[in-house]
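The values are calculated or read from the model by the stated rules, or taken from the named source; none is laboratory data. Note that the structure is predicted; figures quoted are calculated from it, not measured. In this analysis, Cβ positions are derived from the backbone assuming ideal geometry, glycine residues included, and neighbour counts consider all displayed protein chains. Protein only, heavy atoms only, side chains kept; ligands, DNA and RNA dropped before computing areas. Shrake-Rupley method; radii C 1.70, N 1.55, O 1.52, S 1.80 Å.
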Amino acid sequence: MINALNRAAVPELGPELDPGFRPASLWNRVFAQAVQETERPVPFAIALERDGGQVAVYEVSLFPSGQRLDWDEANWFYVERLVKCLLWVKGGWKITTAGDAEVGRKLQAVYRAGGLREFDAEFMSRVYEREFTVEVVDWAELPQAYEKTEKVGGHLDGCRIGFDAGGSDRKVAAVMDGEVLFSDETVWHPKVTEDPDYHFAGILDSVQRAAAHLPRVDAIGVSSAGIYINNRTMVASLFLKVPQELFDAKVKDIYLRVAKELGDVPIEVRNDGDVTALAGAASLQDTNILGIAMGTSEAAGYVDHQGSLTGWLNELAFVPVDYNPQAMVDEWSGDYGCGVKYFSQDGVIKLAPAAGIELDPKLTPAEKLNVVQQLLTEGHSGAEQIFQSIGRYLGYAIAHYSDFYDLKHVLILGRVTSGKGGALIKQQAEEVLKVEFPELAHVQFHLPEESDRRVGQAIAAAGLTPFS
């Protein structure tokens with residue numbers, strides 16, 4: 001059954017450089033259709049509880065359990081991948097399932113110490129500071145959905161600093177009454193540095209240089225890769241090499257310490273994906289926007305139909321978009337087919353050998369990306385194929401994300417979209433939706449201006465913080 005589903009999920013517009021690509025969007029649709037063709041599809045529900053007692057509930061249908069081995073195998077593959085997706089889209093410290101107890105018990109086995117998804121369980125425990133658990137209940141005991149949203153950003157008054165912390169460079173902007181007076185980007189190497197004083201010094205340096213262009217500093221807004229609660233760093237790949245003891249002592253409050261250095265000015269810290277979405281909402285004057293920043297990793301954020309943030313994790317870097325078990329494995333999570341290897345500089349580097357491009361192993365990932373982008377400007381056909389392939393990845397991924405987000409707009413930015421590559425990515429993604437998913441033809445892709453693709457998040461971050 002799984003082999004048959006894999007064959008049925010071969011994309012019509014698959015990336016030329018990755019013939020083994022099996023889009024999650026197609027696989028899930030093929031599975032759902034096969035289930036509906038059985039006599040008695042079985043309902044199955046997944047509830048995810050996160051901070052503040054919020055609960056997201058997702059209901060699907062499965063093959064009847066225990067009747068055919070291939071049905072049971074297909075059910076498990078589908079649910080295991082789906083729960084992984086939901087966990088990183090919505091977030092949660094507790095999973096509750098109802099409808100198929102055997103599938104629920106398998107989830108309990110993989111989301112525990114020593115289990116296949118130990119990384120995910122441990123990560124969520126750190127984010128929510130609660131022990132991660134999976135419960136299997138009767139349908140009547142399933143938690144009820146409860147979610148709330150939040151209005152954030154759009155403040156233009158006063159003298160503001162916006163800071164954007166990326167994995168390869170840090171960007172800053174000085175903004176006064178909505179006018180950008182200064183912007184700058186500086187190369188740094190936070191992901192390979194163990195000493196958190198390096199990170200603090202770099203952030204403070206950028207902020208102080210921006211402050212020099214303002215008569216005063218009324219507020220600081222921060223766009224930073226990672227997960228932040230109450231302006232505190234819970235988990236972030238930027239500090240990947242920092243030992244846990246130093247992380248707790250010097251990283252959790254790193255941005256609050258920077259604000260203190262400037263005189264305890266008000267500060268707001270948000271995930272860089274959320275800031276991407278807010279920047280898109282302000283620019284487009286619309287809602288239902290998914291922002292995706294392709295840089296060191298894949299950052300994402302979403303603005304809903306009310307123009308609010310949802311409070312979801314939106315950590316799409318860890319969401320599987322390719323169900324080919326032979327797909328590249330993410331070194332951090334230990335899982336295959338995750339977005340970080342498709343929509344970041346890692347995606348470009350991954351495709352380079354198939355494109356006939358040999359990259360010097362001594363170069364940093366950012367430098368390797370620059371090499372490929374330079375080849376693209378010179379008309380190298382292999383470099384063109386790389387960005388076309390990423391665009392096709394993106395089209396199928398957006399169809400997958402649309403199962404969780406109500407979309408009208410997709411804003412793409414970040415280093416990977418700089419130059420000609422961004423236009424190629426956009427063009428191919430649009431073509432995939434047109435051909436494979438006509439029901440999503442209304443979704444519009446947007447590329448900001450070149451300068452905004454690089455420093456736009458820092459400028460948007462400047463408007464995060466209200467002050468009196």
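The table for this structure:
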item	result
Residue match in the stretch 115-124 (condition: of a type in the set (Phe, Trp, Tyr), open to solvent by less than 20 Å² (accessible area, probe 1.4 Å) and within 29 Å of residue 233 (Cβ to Cβ))	yes
The stretch 3-29 - residue that is surrounded by 16 or more Cβ atoms within 10 Å (Cβ to Cβ) and farther than 30 Å from residue 382 by Cβ and, of those, farthest from the chain's Cα centre (by Cα)	5
Sole exception among (1) of a type in the set (Gly, Ala, Ser); (2) surrounded by fewer than 22 Cβ atoms within 10 Å (Cβ to Cβ); (3) in contact (Cβ under 8 Å) with a residue 40 or more places away in the chain for residue 47, by number	(2)
Restricting the stretch 176-216 to residues that are of a type in the set (S, T, N, Q) and in a helix (DSSP H, G or I), the residue that is least open to solvent (accessible area, probe 1.4 Å)	206
Condition broken by residue 70, with the remaining ones in (1) over 29 Å from the mean Cα position of the chain (by Cα); (2) assigned to a loop (DSSP other than H, G, I, E, B) satisfied	(2)
Filtered residue count, the stretch 367-384, keeping only those that are open to solvent by 50 Å² or more (accessible area, probe 1.4 Å) and either over 18 Å from residue 19 (Cβ atoms) or in contact with a Leu (Cβ under 7 Å, 6 or more places away or on another chain) (or both)	9
Single residue of the stretch 87-112 satisfying the filter (aliphatic (A, V, I, L, M) and either more than 16 Å from residue 135 (Cα to Cα) or touching an Asp or Glu at 6+ places or on another chain (Cβ under 8 Å) (or both)) that is most open to solvent (accessible area, probe 1.4 Å)	110
Hits in the stretch 269-292 - residues which are acidic (Asp, Glu) and surrounded by fewer than 24 Cβ atoms within 10 Å (Cβ to Cβ)	286
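To keep it simple, each residue is scored yes or no on (1) under 24 Å from the mean Cα position of the chain (by Cα); (2) under 21 Å from residue 311 (Cα atoms).
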residue	(1), (2)
172	yes, no
225	yes, yes
240	yes, no
254	yes, no
260	no, no
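Listed here are the residues, each with its yes/no results for (1) touching an Asp or Glu at 6+ places or on another chain (Cβ under 8 Å); (2) outside any helix (DSSP H, G or I).
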residue	(1), (2)
373	no, no
383	no, no
388	yes, no
395	yes, no
400	no, no
403	no, yes
412	no, yes
422	no, no
425	no, no
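Let's see how each residue does on (1) among the aromatic types (Phe, Trp, Tyr); (2) open to solvent by 30 Å² or more (accessible area, probe 1.4 Å); (3) at pLDDT below 95:
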residue: 400; (1), (2), (3): no, no, no
residue: 408; (1), (2), (3): no, yes, no
residue: 413; (1), (2), (3): no, no, yes
residue: 419; (1), (2), (3): no, yes, yes
residue: 434; (1), (2), (3): no, yes, no
residue: 441; (1), (2), (3): no, yes, yes
residue: 451; (1), (2), (3): no, yes, yes
